Amino acid sequence: MKITVLGSGSAYGTPMILNRWDGSDASDSRNRRLRASLFLEDEGKNLLVDAGPDLREQINRENINDFNAVFITHAHYDHIGGIPELPRACKLLGHKIDIYASAATLEEIRQCYAYLFSGSGEPDSGSLNWHVLTDEPADIGGLKMDVFFVPHHHMQSCGFRYKNFAYVTDWQDLPAAAAKKIDGTELLLAECNNGMQPSANGHSSWPEIAPRLTGLNLQQIVLTHLAARVDYQTFQNQLPPNVRVAYDRMVINI
Ligand SMILES: [Zn+2]
Ligand SMILES: [Zn+2]
């Protein structure tokens, strides 16, 4: 399986608007981060995870010329800001796209983008097949996944395990049911928005994540969804050997 990090940035990217780097070294290209997203390829199938406001740039940059399914973790702007681009992608591709999200997330998407659902013409969501995610195992774009939920602010974010890979973003805790599904993976790609600094904002930091993962059998951990204040090299220097900091365009084969 091939995993491409399309974006390793937090909600505001790095640099943030107004070209603010907030402490990250602007001369290190690994600090230039689009909003968090990944592209998973396996067994001739693929899955786009989240469709944030940088979606068009990410798809074009990686020369992705076809995709069939999109997994939406939750309904914050940095994860759904690119959804209105998808009807146009369907039109250009000549086929429908399957979108998977929890019932609560789908409802928020409908409220955010009511015009997509009005049936009054392009762009409309008629070319998108909407599927409701639960915490039951699911066939997602032809890939058999184990889905789980984690708390994030007032909402829940949806993570998944696929074979020996697990992804969780935008989390402030790890419920036992989610930990059980992550356990035993070769690779955990996890949000660590705040780096080494304590979080009080619905996200995670490494000092908070490490104890949550104690006792789980994980070969390697890659940390993503990083705030601008988290400098790549400074953060990497403070982590154990099996923990790496993600950067845009990072490719991991497992
Ligand atoms: Zn986010
Ligand atoms: Zn979020």
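The numbers here are math on the coordinates, done by the rules we state, and not lab data. From a predicted model like this one, the values you see are computed outputs, not experimental measurements. Cβ atoms come from the backbone with ideal geometry, glycine included; neighbour counts cover every protein chain shown.
Place a +1 charge on the Cβ of each Lys and Arg in the range 29-118 and a -1 charge on the Cβ of each Asp and Glu, then give the dipole magnitude about the Cα centre in debye, rounded to the nearest 20.
Here the size comes out at about 320 debye.
Within the range 2-253, how many Lys pairs sit with Cα atoms under 16 Å apart, leaving out pairs fewer than 8 places apart on the same chain?
Close lysine pairs under the 16 Å cut-off: 10.
Mind checking the dipole of the range 90-168: about its Cα centre, +1 per Lys or Arg Cβ, -1 per Asp or Glu Cβ, Debye to the nearest 20?
Working: 6 positive and 9 negative charges, 47 e Å.
Using only the charged Cβ atoms, the result is roughly 220 debye.
Whole number please: convex hull volume per residue, Cα atoms of the range 82-125, in Å³.
71 Å³
Considering only DSSP beta bridges with both partners in the chain, what is the antiparallel share in %, to the nearest 5? Mind showing how you got there, number by number?
Working: 28 of 53 bridges.
Restricted to the chain, the bridges split so that about 55 percent are antiparallel.
Taking every pair of alpha-carbon atoms in the range 29-119, give the share separated by more than 16 Å as a whole percent.
55 percent
On average, how much area does the Cα convex hull of the chain cover when viewed from any direction, in nm²?
Details: hull surface 51.7 nm².
Orientation-averaged projected area of the Cα hull: 12.9 nm².
Residue farthest toward the positive end of the dipole of the range 2-253, with Cβ of Lys/Arg at +1 and Asp/Glu at -1: which of HIS79, LEU188, TRP21?
Checked the options; the winner is TRP21.
Dipole of the range 2-253, Cα-centred, from +1 at each Lys and Arg C-beta and -1 at each Asp and Glu C-beta, to the nearest 20 debye?
300 debye
DSSP loop trypsin sites (Lys or Arg not before Pro) in the range 62-141 with at most 15 other Cβ atoms within 10 Å of their Cβ, which ones?
Listed in order of number, the matching sites are LYS96.
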